[in-house]
Amino acid sequence: MKTSFTVNGQAASLDLDPRTTLLDALRERLDLKGSKKGCDHGQCGACTVLVNGRRINACLSLAVTHEGDEITTIEGLAQDEALHPVQQAFLEHDAFQCGYCTPGQICSTVGMLKEAGDGWASLVTEDLTADTVLTDEEIRERMSGNLCRCSAYPQILAAIRTAGGLA
Amino acid sequence: MKPFTYERPGDVATALALVAEIPGARFLAGGTNLVDLMKLQIEQPTHLVDVSRLPLAEIEDTAEGGLRLGAMTTNSQVAADPRVRARYPALAQAILSGASGQLRNKATTAGNLLQRTRCPYFYDTTKPCNKRAPGAGCAAIGGISTNTAIFGASEACIATHPSDMAVALTALDAKVETQSGAGEARVLAMEGFHRLPGDTPHIETELRPAEMITAVVLPPPPQGGQIYRKARERASYAFAIGSVAVAGGKVALGAVAHKPWRAEAAELALEQGASPAEAMAAELKGARPDGHNDFKLKLMARLGAACLTTTGAGDDQ
């Protein structure tokens, strides 16, 4: 089935088996191997990409449903030689060990910071009608969809604080 | 996944007609549960009718002073809506306590109601399950699972409904609006929308074949406090092992039954002047734990009493 979308600013047009997930289309058809397949069931977050600016699990989304969408993967965050501020913060804080979850962590962070900037609340937000303040507790709750089996969470938290201008 | 065909009609009438006409066709919304179950071949649709882009994604004020949540609103969208946060905090809390940010960005209001149980025996295709194969038997009964029903279970099924959102909607007395092929529209009360398992646990709601949820309607917010609290086995991103929604004098319990469980005995006790602990004790008199899930009695007694105390439910009765 013919499907067209934009990936990291480039138009892509693919003839897809409807069973193809967005994750498999990115990795196997477009050779963008940054997005990782961890659990393949939406439980680990390693496949997180941005679709029209919002973070989703690419493993649970059929590629044919993304006609016309603007998709951003880890490969699309840097501008020329300049790393995205979230990528730079992860480097500075050594916010990974094996690195397998890192592309998902970084894409999720970019999406999460936008959600917070848009004033979205989380479960740990005391006053649902107040402005969003990204405390450490808020960051942890909002990032709970991304697992790190090396448990680099303290550094990931520190990196997100820096990237979010909170440190 | 088994092979299937896919199409994305532009209007509700076409979507309804397609699912009515094509054997094995299913609606696809956010897909966060359906696609996962298709990977496991627990769900095997022959044709997917993508309804995610139908014009059903608005949140509108109703003339009665409530809100109409379009079926295709995302969980994130509903939880972020200022009207929901200000007037239906129990609903915002319930949604935000479910899944992860990524999943809530895809999952829809209608899809949340129609998600399947997370009973491990439903997922384990090497074990019998009356939901997967009616008449096969239930491996959860006598199995090792602890997150099973204490209310309304049957000899065919002891699974629970996993939604947080639906528990809050039940306490808020929401209504489900639907349409079906012939253009027929229905309105179902949330309380009666999901079914108890009986001897047909594979039939989980009162929806008819090829009937589509088009909206969930919230009545004006009730007088009194609201809260949703959830107990789970890790601090975030896990299904409930027990949850409580309170909205005014209405109480609903989650992860204790095949449907969001309206705690009518507790509500009645509160009306008659019972304390929060007494009200929960009245409700839990009707519970039938199975030996593996006995912990839910104490959990729900404490969680429920805490929620009723926090909201002051019953204080002015």
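Annotation: B:Pro120 fulfils all but one of (1) closer than 23 Å to B:Ser180 by Cβ; (2) within 14 Å of another protein chain (Cβ to nearest Cβ); the unmet one is (1). Residues in the stretch A:19-48 that are open to solvent by less than 10 Å² (accessible area, probe 1.4 Å), in a loop (DSSP other than H, G, I, E, B) and facing another protein chain (nearest Cβ under 10 Å): A:Gly42, A:Gly45, A:Cys47. The helices (runs of 4 or more DSSP H) located wholly in the stretch A:82-167 that include 3 or more residues which are within 14 Å of chain B (Cβ to nearest Cβ) and out of contact with any Lys or Arg (no Cβ under 6 Å at 6 or more places or on another chain) occupy A:102-117, A:136-142, A:153-163. Of all the numbered requirements in (1) within 28 Å of A:Glu137 (Cβ to Cβ); (2) away from every other protein chain (no Cβ under 14 Å), A:Glu75 misses one, and that requirement is (1). Residues in the stretch B:232-268 that are basic (Lys, Arg) and within 14 Å of another protein chain (Cβ to nearest Cβ): B:Arg232, B:Arg234. Anything in the stretch B:141-178 that is under 27 Å from B:Thr14 (Cβ atoms), touching a residue at least 40 places away in the same chain (Cβ under 8 Å) and either touching a Lys or Arg at 6+ places or on another chain (Cβ under 8 Å) or β-branched (Val, Ile, Thr) (or both)? List them, or say none. Residues satisfying the conditions are B:Val176, B:Glu177.
For the stretch B:1-91, please list each of the strands (runs of 3 or more DSSP E) lying entirely inside it that holds at least 2 residues being at the interface with another protein chain (Cβ under 10 Å from one of its Cβ atoms) and of a type outside the set (Ser, Thr, Tyr). Before the answer, list the steps.
On the way: elements: B:5-7, B:25-28, B:47-50, B:59-61, B:67-70.
Counting at least 2 such residues, we get B:47-50.
Restricting the stretch B:92-104 to residues that are assigned to a loop (DSSP other than H, G, I, E, B) and more than 7 Å from chain A (Cβ to nearest Cβ), the residue that is nearest to A:Ser61 (Cα to Cα) is B:Ala99.
For the stretch B:106-119, name all the residues that are assigned to a helix (DSSP H, G or I) and surrounded by fewer than 24 Cβ atoms within 10 Å (Cβ to Cβ).
Step one: of the stretch B:106-119, the residues assigned to a helix (DSSP H, G or I) are B:106, B:109-114.
Correct list: B:Leu114 only.
Residue by residue, here is whether (1) open to solvent by 30 Å² or more (accessible area, probe 1.4 Å); (2) at pLDDT below 95; (3) out of contact with any Asp or Glu (no Cβ under 9 Å at 6 or more places or on another chain); (4) not polar (S, T, N, Q) holds:
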| site | (1), (2), (3), (4) |
| --- | --- |
| B:Ala215 | no, no, no, yes |
| B:Pro222 | yes, no, no, yes |
| B:Ile227 | no, no, yes, yes |
| B:Lys230 | yes, no, no, yes |
| B:Val244 | no, no, yes, yes |
| B:Ala247 | no, no, no, yes |
| B:Ala252 | no, no, no, yes |
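The values are calculated or read from the model by the stated rules, or taken from the named source; none is laboratory data. As the structure is a prediction and not an experimental result, all values here were calculated from the model. Ideal geometry is used to build each Cβ from the backbone, glycine not excepted, and the neighbour counts take in all protein chains shown. Just the protein is used for accessible areas: all its heavy atoms, side chains included, with ligands, DNA and RNA removed. Shrake-Rupley method; radii C 1.70, N 1.55, O 1.52, S 1.80 Å.
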